[in-house]
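Notes follow the structure.
Laboratory data are not the source of any read-out in this text; all were calculated from the coordinates shown. In this text the structure is predicted, and so the values were computed from the model without any measurement. Reconstructed Cβ throughout: ideal geometry from the backbone, glycine too, with neighbour counts over all protein chains shown.
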Amino acid sequence: MTKSANPTTYDHAGQEITYTYVVKNTGKYRVTNIMITDDHIDNGKSFNGKTYGDLNLDPGKSKICYKTYIITSDDLTNGYVTNVAYATGITSNQKQVKSNEATVTIQAIRNPALSLEKTASSQTYSSEGESITYTYEVTNSGDVVIYGPITVNDDKLGTVPISSSSLSPGQTVTGTATHTISSADLDAGSITNIAQATGFTYGGSEVKSNTDTVTVTAEKPPTPDTQVPEFPSIALPVASILGLIFVVQYRKKKE
């Protein structure tokens, strides 16, 4: 017996794979009641040729059968599906025969991915000792399970543990880290953090998310009042009187 699969790769759960079985009578006796057993079809239960017409073969004759397999999420996680199948029958001289085992492996086209969204508890800071809490939201945005440990590397806060568990496609997990404002932060006027999440595929390959950047700024102290105080409205009449006195005295001296 020979076996083939179409398509030869898969990329999502629920995808249909059609297996083709070619059963040939290579002996000298007619074979009847031919059954096919595939460890991935119908939970390994044998099926016969009634769906396709009775599988009875004369010497040298062959027949083609088909069966459909539905890809599961476990198949995506494993990265491949290997099916082993064989045929059995009864010869015209009442002996049971078994074919060779036919094996087919199809590979998964996997798209592991992580997405990171980072936020800060405040957009500003104003004093030394103040706390800023960062929240990291990590989502499995791919189509296979991402395994832990899932961490976030923050260029200001180092490695932040997020989860030791796995993340199924579409699942989200969050974690936090806190930064305490220092005098250097006040002098700098702002803090910019760059973070990236990391997880692992079933085979141990590293999966990295996008990088996300958050900036918080220092509040500026109030500007001191430097305006020149206005003179009282009485200042102008006083200046006029003094000017008049000066003119009178000047005239007297000239006389």
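Summing +1 for each Lys or Arg and -1 for each Asp or Glu, what net charge is found among the other residues whose Cβ lies under 14 Å from the Cβ of Tyr69?
-3
Given N residues in the range 2-108, what is Rg(Cα) / (2.2 N^0.38 Å)?
Numbers: Rg = 14.9 Å, N = 107, 2.2 N^0.38 = 13.0 Å.
Against the empirical 2.2 N^0.38 Å value, I get 1.15 for the range 2-108.
What's the local net charge at Val144, with K and R +1, D and E -1, over the other residues with C-beta under 11 Å away?
-3
In whole Hz, what ³J(HN,Hα) sequence does the range 106-112 give by Karplus (6.51, -1.76, 1.60; θ = phi - 60°), x for Gly and Pro?
In residue order, the calculated couplings are 10, 9, 8, 9, 9, 10, x Hz.
Taking the Cβ of each residue in Asp11, Asp212, Asp38, Asp187 as the centre, tally the other Cβ atoms inside 10 Å and list the residues starting with the fewest.
Asp187, Asp11, Asp212, Asp38
Can you check what the net charge comes to around Ile106, using other residues whose Cβ is under 15 Å from the Cβ of Ile106 (Lys, Arg +1; Asp, Glu -1)?
Net charge around Ile106: -3.
Could you pull out the trypsin sites (Lys or Arg not before Pro) across the range 1-94 that fall in loop regions by DSSP (anything but H, G, I, E, B) with no more than 15 other Cβ atoms inside 10 Å?
Lys28, Lys45, Lys61
Suppose R0 equals 45 Å; then what is the FRET efficiency for Lys28 and Asn111 from their Cβ-Cβ distance, rounded to the nearest 0.05?
Computed FRET efficiency for Lys28 and Asn111 comes out at 0.30.
Calculate the radius of gyration of the Cα atoms of the range 114-218 to one decimal place, then report Dmax, the largest Cα-Cα distance, as a whole number, both in Å.
According to the Cα coordinates of the range 114-218, Rg and Dmax are 15.0, 48 Å.
What does the extension gain come out to for Ser4 and Ser126, with contour length at 0.36 nm per residue minus their alpha carbon separation?
That works out to 37.0 nm of additional length.
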